[in-house]
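Data first, discussion second: the structure below is written as structure tokens.
The values are calculated or read from the model by the stated rules, or taken from the named source; none is laboratory data. Given the structure is predicted, the values throughout are model-derived calculations rather than measurements. Here the Cβ is made from the backbone with ideal geometry for all residues, glycine too, and neighbour counts use every protein chain on show.
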Amino acid sequence: SPKQRGRKRNRNCRRHALYVDFSDVGWNDWIVAPPGYQAFYCNGECPFPLADHLNSTNHAIVQTLVNSVNTNIPKACCVPTELSAISMLYLDETDRVVLKNYQEMVVEGCGCR
Amino acid sequence: ESSYASLIPEEGKKKVSAHNPAQSHDLLLDFEATLLQMFGLQRRPRPSDSAVVPQYLLDLYRLQSGELEDAPGHDVNFDYPERSTSRANTVRGFHHEEHMEELQADGSWPTPLRFLFNLSNIPEDELISSAELRLYRQQIDDASSDPQHTGEEGLHRINIYEVLKPPRAGQIITQLLDTRLVRHNSSKWESFDVGPAVLRWTRDKLSNHGLAVEVLHLNQTPRQQGRHVRVSRSLHPVPSDDWDQFRPLLVTFGHDGKSHPLTRRTKR
């Protein structure tokens with residue numbers, strides 16, 4: 001049913017919103033800008049290498065594939081596959097202002113690896 | 001990457017239960033450690049109340065991050081330094097060590113005026129590619145301020161020197177870095193290229209004896225001396241509390257090899 005299918009989709013690996021608010025954690029005294037940023041993170045299941053519903057197909061090739069999976073191999077992980085940078089303006093330990101570009105701060109995409 | 005990419009350690013993805021403050025505190029400490037490590041900071045900065053954020057660096061951040069696209073009201077009176085930022089991922093602002101300003105024996109201000117900048121907090125692995133000295137010019141309202149006026153009255157020459165040796169008996173050995181002729185009928189920031197000197201101090205490890213600024217009013221009327229360019233707190237005729245925002249600012253552009261340059265980004 002659509003409802004059931006909706007629930008299944010939500011469990012799979014995907015990107016989840018996560019806003020890091022620097023004032024919430026008391027860092028806005030040294031981080032001048034931005035006040036926070038959308039970091040996102042990856043979470044969810046990786047029904048890899050074969051999706052479970054394939055098991056219901058009785059075609060010989062599919063059955064061979066499904067039953068030849070070595071169960072000792074660990075499941076794939078849900079990790080960031082694409083990341084982007086943000087720039088930040090902050091005060092360092094000597095009260096001097098620094099504008100710096102930081103790589104891999106925002107998760108743009110997730111995947112099973 | 002995984003430690004950088006998902007800034008929130010694994011525990012962060014589980015619901016941090018409210019009745020377990022210790023867990024959320026540990027989580028934040030982990031997150032803070034990850035962030036500080038990325039910033040290359042040993043410990044969390046504790047800025048003092050006297051810390052000043054120069055408007056120029058705030059505007060640079062807004063231009064670079066695309067924030068100004070959303071806030072058209074805020075006008076920025078300079079062009080984004082594309083050339084400098086295309087080779088840098090780190091911009092640092094420095095004010096001069098004001099306590100080291102030296103008066104002459106008779107109590108007057110030496111000219112040129114010497115500025116010492118402490119660049120010791122620039123990390124070893126950060127390669128400086130360019131640097132600018134920014135001076136603020138305050139408009140002088142007098143007859144020569146009339147834009148149509150073309151006489152010499154309103155003209156000032158600003159010379160920027162590198163100090164090559166420690167001053168001795170009031171004498172300083174300098175070499176000219178940049179010069180500009182300006183008319184005192186407008187207020188604005190002037191940017192001077194001091195990259196060659198800063199690269200000698202940082203990359204070539206030569207001694208940093210500071211920079212020297214000389215402002216000459218062309219027809220030498222003493223009345224105008226020291227009034228147009230804001231080079232010292234006490235030189236300014238009207239003591240004002242905006243000195244922190246209008247004092248000379250040295251800006252360095254460097255790259256530590258850890259991320260892309262600060263090219264302008266359109267707002268996502």
_Out of the residues in the stretch A:71-92 meeting the condition of being closer than 15 Å to residue A:37 by Cβ, over 16 Å from the mean Cα position of the chain (by Cα) and in contact (Cβ under 8 Å) with a residue 24 or more places away in the chain, tell me which one is surrounded by the fewest Cβ atoms within 10 Å (Cβ to Cβ)._
A:86
*Residue by residue through the stretch B:43-57, note down the ones that are at pLDDT 90 or above and of a type in the set (S, T, N, Q).*
B:48, B:55
*For the stretch B:157-177, enumerate the residues that are of a type in the set (A, V, I, L, M) and either in a loop (DSSP other than H, G, I, E, B) or in contact (Cβ under 8 Å) with a residue 40 or more places away in the chain (or both).*
B:158, B:160, B:163, B:164, B:169, B:172, B:173
*Got a sec? Which of A:41, A:102 is buried (at least 18 other Cβ atoms within 10 Å of the Cβ), over 30 Å from residue B:250 (Cα atoms), within 21 Å of the chain's Cα centre (by Cα) and aromatic (Phe, Trp, Tyr)?*
A:41
_Can you go through A:95, A:29 and tell me which one is among the acidic types (Asp, Glu), outside any strand (DSSP E or B) and farther than 18 Å from residue B:31 by Cα?_
A:95
*Looking at residue A:20, is it of a type outside the set (Asp, Glu), buried (at least 16 other Cβ atoms within 10 Å of the Cβ) and at pLDDT below 90?*
yes
*away from chain B (no Cβ under 14 Å), surrounded by 13 or more Cβ atoms within 10 Å (Cβ to Cβ) and at pLDDT below 95: does that describe residue A:63?*
yes
*Would you mind stating whether residue A:95 is more than 22 Å from the chain's Cα centre (by Cα) and at pLDDT below 90?*
no
*Does the stretch B:111-128 hold any residues that are surrounded by fewer than 19 Cβ atoms within 10 Å (Cβ to Cβ), hydrophobic (A, V, I, L, M, F, W, C) and assigned to a loop (DSSP other than H, G, I, E, B), and which are they?*
B:116, B:119
*Considering only the stretch B:178-216, how many residues are over 20 Å from residue B:112 (Cα atoms) and assigned to a strand (DSSP E or B)?*
1
*Does the stretch B:157-174 hold any residues that are surrounded by 14 or more Cβ atoms within 10 Å (Cβ to Cβ) and under 23 Å from the mean Cα position of the chain (by Cα), and which are they?*
B:158, B:159, B:160, B:161, B:162, B:163, B:164, B:174
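Matching residues to (1) assigned to a loop (DSSP other than H, G, I, E, B); (2) modelled with pLDDT under 75; (3) surrounded by 13 or more Cβ atoms within 10 Å (Cβ to Cβ); (4) more than 10 Å from every other protein chain (Cβ to nearest Cβ):
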{"residue": "B:18", "(1), (2), (3), (4)": "yes, yes, no, yes"}
{"residue": "B:31", "(1), (2), (3), (4)": "no, yes, yes, no"}
{"residue": "B:41", "(1), (2), (3), (4)": "yes, no, yes, no"}
{"residue": "B:61", "(1), (2), (3), (4)": "no, no, yes, no"}
{"residue": "B:80", "(1), (2), (3), (4)": "yes, no, yes, yes"}
